[in-house]
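S.K.: Take a look at the following structure, please.
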Amino acid sequence: MPIYEYQATGEGCEYCQNGFEIIQNMSDKPLTECPKCQAPVKKLLSSFHACVIETPDEVIETERKISDHEKDGSWGHAAELADKAGLEDRARENYKKSGYNM
Ligand SMILES: [Zn+2]
């Protein structure tokens, strides 16, 4: 299932202010509000294809985010990020944990 990114259009909570990712069916309606604080949110273009990770800083930042997702048990998110960062083994491991069969 595709992962969509949303971000608060104005004031939001910690969760939506800096953007969040959510797995939705293609047929699901786009979110219009934050699931946590109900602040209005807008859909961002998926960074999955657009984002190329080039600098070491970005890799470190991405690895930090992956670890955060792993800590939360958000294996799908961790896998997508690892995939994006070219960390294939880590992606595969997390996909496995998320119940997704490669
Ligand atoms: Zn929020």
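S.K.: For residues in segment 8-34 being at pLDDT below 95 and part of a strand (DSSP E or B), which is farthest from the ligand (Cβ to nearest atom)?
M.R.: In this case the residue turns out to be Ile23.
S.K.: I need a count of the residues in segment 77-86 that are at negative phi and surrounded by fewer than 20 Cβ atoms within 10 Å (Cβ to Cβ).
M.R.: 3
S.K.: Just to check your reading of the model, which residue among His77, His69 is under 18 Å from Tyr4 (Cα atoms) and in contact with a strand residue (DSSP E or B) (Cβ under 8 Å, 6 or more places away or on another chain)?
M.R.: Just one listed residue meets the conditions, His77.
S.K.: So which pairs qualify, if the first residue must be in segment 60-87 and touching a residue at least 60 places away in the same chain (Cβ under 8 Å), the second must be outside any loop (DSSP other than H, G, I, E, B) and crowded, with 16+ Cβ neighbours inside 10 Å, the Cβ gap must be under 6 Å, and the two must be at least 6 apart or on different chains?
M.R.: Between residues of segment 60-87 that are touching a residue at least 60 places away in the same chain (Cβ under 8 Å) and residues that are outside any loop (DSSP other than H, G, I, E, B) and crowded, with 16+ Cβ neighbours inside 10 Å, the close pairs are His77/Glu21; His77/His69; Glu80/Ile3.
The values are calculated or read from the model by the stated rules, or taken from the named source; none is laboratory data. What you see is a predicted model, and the numbers here were worked out from it, not measured in a lab. Neighbour counts are summed over all protein chains in view; Cβ atoms, including those assigned to glycine, are modelled from backbone coordinates with ideal geometry.
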